[in-house]
Amino acid sequence: MEAVSGVRAILFDTFGSVVDWRTSLISELSLWGKERGVSADWTGLVDDWREAYAPSLDRVRRGELPWTILDDLHRMSLETLLARYGVLDLSEADKVWINDGWRRLNPWPDAIPGLTRLKQRYIIAPLSNGNFSLLLAMAKAKHIPWDTILGGDLFRHYKPDPETYLGAATLLGFPPDQIMMAASHNYDLRAARSLGFRTAFWPRPTEYGPRQKRDLSPEEPWDVVATDIEDLATQMGC
């Protein structure tokens, strides 16, 4: 494709774009609750947990919190939500296990096949607000074939801060126009394109379940608009 000629690396948003956080967490917690005799509205808890994500990043951005990795932000939100949903008297080990659910998220069905194809021709890596250890654990657990891992803690910034995208370009040693940002979130692509990156979008219309109101379609003419990651691989010549 002429529009994406010269691309040498593709960076992927991860939560929602590559892995299905909602179904993974709801399924895991529902089974755990049944086995442990712990009854709760796990769907509501998971949806509210994700809803707390952006506000917690903003607290770091505004300086209300010092630099804090995503694992720890998730844990802070979890403590509040466990109390709100009446999930009480859990051990520390239980809370750690629940919070580590973000390290065990299942990829969407097209993700591993599509990434495996793209890896044959391009350097592929997550560019995620997740911390390095979280993304590494997820890749190991779910056999995600990244070439390297780029987490927010490497740059001590969260997307869409420019430092994340430009920091990734510096580490890879490529100018932005030789790197594609690939995501199911329009805001992520908008920020990357403003810095000279190529862009690819595919929708994940069930990412947020019934709450989903955004990212149902491309909001701008991105360099590539695909149906999923396998289609992205096809369009990128893999």
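Quick notes
- Net dipole in debye of the chain [+1 Lys, Arg Cβ; -1 Asp, Glu Cβ; about Cα centre; nearest 20]: 240 debye
- Computed [θ] at 222 nm, deg cm²/dmol, the chain (DSSP H ≥ 4; -39,500 (n - 2.57); rounded to nearest 500): -13000 deg cm²/dmol
- Between the Cα long axis of helix 42-51 and the first principal axis of the chain there is an angle of about 50°, rounded to the nearest 10.
- Computed from phi, the 3J(HN,Hα) profile of the range 177-186 under the Karplus parametrisation 6.51, -1.76, 1.60 (θ = phi - 60°) reads 6, 9, 10, 10, 9, 10, 6, 9, 10, 4 Hz, with x in place of Gly and Pro.
- When the GluC sites (Glu not before Pro) in the range 58-163 are filtered for DSSP coil states and for at most 14 other beta-carbon atoms within 10 Å of their beta-carbon, the remaining sites are 64.
- Unsatisfied cross-links (Cα-Cα over 24 Å) in the set 119/142; 34/140; 95/142; 34/213; 34/95: 34/140; 34/213
- The antiparallel fraction among DSSP beta bridges confined to the chain stands at about 5%.
- Rounded if a/c under 1.5, otherwise prolate or oblate - the range 1-74, Cα gyration tensor axes: oblate
The numbers here are math on the coordinates, done by the rules we state, and not lab data. As the structure is a prediction and not an experimental result, all values here were calculated from the model. Reconstructed Cβ throughout: ideal geometry from the backbone, glycine too, with neighbour counts over all protein chains shown.
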